Amino acid sequence: MPDTQIDYPVLQREEDDTYYLRHNSSGRYAFAGSIYTEEANSRDFKDPMTVLYGHNRKNGTMFATLNDFADPAYFEEHRTVYIYMSDAIYEYTVFAAYPHSSEHLLLCHDFTDEDEFNGYFDKLADGVNTNYDREMFPAFDDKVLTLSTCYKQNRMQRYLVQAKLTAQYSLL
């Protein structure tokens, strides 16, 4: 994410979704863990919703700065997320940032179902402490990237920053 400290590899470990909670990209123990996605997501970012998890570190590393998206000015100034793949660069535009329950998004919602996909995003406008750009909300068949960390005001909640895929640049 340009102009933020968020610039990390995205990891996934087969058959062990919790491994990168406490390991770095070299496989060594690291209290801060890594940014990772779970097996519920494919590794190619082609799912309707891809969720990336990262710790909210007090020293500002990992996903701690996601909570800064609660500030409307910060939200407006940091709207772009890039995912670098071996064959392409995916550009996402942030459309929402908000506190959320601790429910597991991919286990509790079927984003491959059009009604559930649309219903989930229709409810965002009702949120408290929510920043969003209603005109950028995704439509079914859009690809959504969700960055998830602990909510600094309530560690039992998650803070989510969501972006939709708006451009793709081929590297081949």
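The values are calculated or read from the model by the stated rules, or taken from the named source; none is laboratory data. Keep in mind the model is a prediction, meaning the values are calculated, not measured. Don't worry about glycine lacking a Cβ; one is built from the backbone with ideal geometry, like all the others, and counts go over all protein chains shown. Side chains are part of the model used for accessible areas, which takes the heavy atoms of the whole protein and leaves out ligands, DNA and RNA. Shrake-Rupley method; radii C 1.70, N 1.55, O 1.52, S 1.80 Å.
Some observations on this one:
- Residues of the stretch 10-61 that are aliphatic (A, V, I, L, M), closer than 23 Å to Ala88 by Cβ and in a loop (DSSP other than H, G, I, E, B): Ala40 alone.
- Of all residues in the stretch 28-45, those satisfying the criterion of being surrounded by 12 or more Cβ atoms within 10 Å (Cβ to Cβ) and more than 19 Å from Ser86 (Cβ to Cβ) are Ala30, Ala32, Gly33, Glu38, Glu39, Ala40.
- Checking Ile83, Ile89 one by one, the residue that is in contact with a Phe, Trp or Tyr (Cβ under 7 Å, 6 or more places away or on another chain), part of a strand (DSSP E or B) and surrounded by 15 or more Cβ atoms within 10 Å (Cβ to Cβ) is Ile83 and no other.
- Check on Tyr120, out of contact with any His (no Cβ under 8 Å at 6 or more places or on another chain) and open to solvent by less than 30 Å² (accessible area, probe 1.4 Å): no
- Neighbours by Cβ (under 8 Å, 6+ apart or cross-chain): first from the stretch 2-18, over 22 Å from Asp44 (Cβ atoms); second small (Gly, Ala, Ser): Gln5/Gly60; Gln5/Ala64
- The set of residues in the stretch 56-73 being touching a Ser or Thr at 6+ places or on another chain (Cβ under 9 Å) and open to solvent by less than 40 Å² (accessible area, probe 1.4 Å) consists of Asn56, Met62, Phe63, Ala64, Thr65, Leu66, Asn67.
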